[in-house]
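Report on the following structure.
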Amino acid sequence: MTTKPTKAALPSATRTDAKGKAPDSSEGAPASNRAARAAERRAAIVEAAMEEFIARGFAATRLDDIARRAGVAKGTIYLHFKDKESMFEELVRTVIVPVVAKLNALPPPTGSVRDLIEAFAGNFLKEVIGTRRGDLVRLIVAEGPRFPSVADFYYREVVSRGIAGMRALIELGIARGEIREKNLARYPQILVAPAMIAVIWQSLFARHAPLDAQDMLRVHLDLIFGERRTT
């Protein structure tokens, strides 16, 4: 099953002129209006940065190209970001962190732990595979070794949070007797492996052998929890 690529959700942005100002900007505009326009410009820069990073890679992306795509002057970028790295960090916070944050915001399970994990993981696959979020993850995998600070930031903001949330759910599953293999709590990466496989497979091999990521997740959970009983 293939998924039509879609863009990750970003705040809507009004394009600005070459000087970095919206067409209706004025010196006497209320502070609230100026703040709103600044937020729109920032969102436009982040959206343009995402497109440039995905198209060119982190190393080859230039601030001039981001400014041109965003419709702002290069100097306007420095009003919001100190450098390319801080811009990429904002992109991760805006696009990817909210998806992972949902894991730590899950309510106490009223049903099985498997149901909770399956619901979160299924939604994660839906929001990442075939979207710009997936493109960003692949970019980090490809260029992270060359830019350790970028990889460190991604680990701190995304990976560590996801691993902590999964470990907590695994420990709950073990305590309830749903998961028999207690050592799984030592390696929560195993639980999220289908997501990483699907992200990488989508870019490299999907045209040769389309992958049903949701079905792979179901089989993976069967291996951990046992097959679901049918009545």
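The values are calculated or read from the model by the stated rules, or taken from the named source; none is laboratory data. Since the structure is predicted, the reported quantities are computational estimates derived from the model, not experimental observations. Neighbour counts are summed over all protein chains in view; Cβ atoms, including those assigned to glycine, are modelled from backbone coordinates with ideal geometry. Side chains included, ligands, DNA and RNA excluded: accessible areas come from the protein's heavy atoms. Shrake-Rupley method; radii C 1.70, N 1.55, O 1.52, S 1.80 Å.
Table for the structure above
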read-out: Contacts under 7 angstrom Cβ, first residue in the range 117-141 being within 13 Å of PRO98 (Cβ to Cβ), partner crowded, with 20+ Cβ neighbours inside 10 Å and basic (Lys, Arg), 6 or more apart; value: GLU127/ARG133
read-out: Members of the range 84-104 that are of a type outside the set (A, V, I, L, M, F, W, C) and touching a residue at least 12 places away in the same chain (Cβ under 8 Å); value: LYS84, GLU85, GLU89, GLU90, ARG93, THR94, LYS102, ASN104
read-out: Scope the range 92-116; condition in contact with a Gly (Cβ under 9 Å, 6 or more places away or on another chain), part of a helix (DSSP H, G or I) and over 25 Å from TYR155 (Cβ atoms); matching residues; value: VAL113, ARG114
read-out: Close pairs from the range 28-47: first open to solvent by 50 Å² or more (accessible area, probe 1.4 Å), partner in a helix (DSSP H, G or I), Cβ under 6 Å, at least 6 apart; value: ARG42/HIS80
read-out: Unique match (being on the phi > 0 side of the Ramachandran plot and touching a helix residue (DSSP H, G or I) at 6+ places or on another chain (Cβ under 9 Å)) among GLY130, GLY165, GLY134; value: GLY130
read-out: Options GLU181, GLU143, GLU118; residue that is over 13 Å from the mean Cα position of the chain (by Cα), of a type in the set (Asp, Glu) and open to solvent by 60 Å² or more (accessible area, probe 1.4 Å); value: GLU181
read-out: Scan of the range 55-78 for residues that are part of a loop (DSSP other than H, G, I, E, B), under 22 Å from the mean Cα position of the chain (by Cα) and buried (at least 18 other Cβ atoms within 10 Å of the Cβ), ordered by number; value: PHE58, THR61
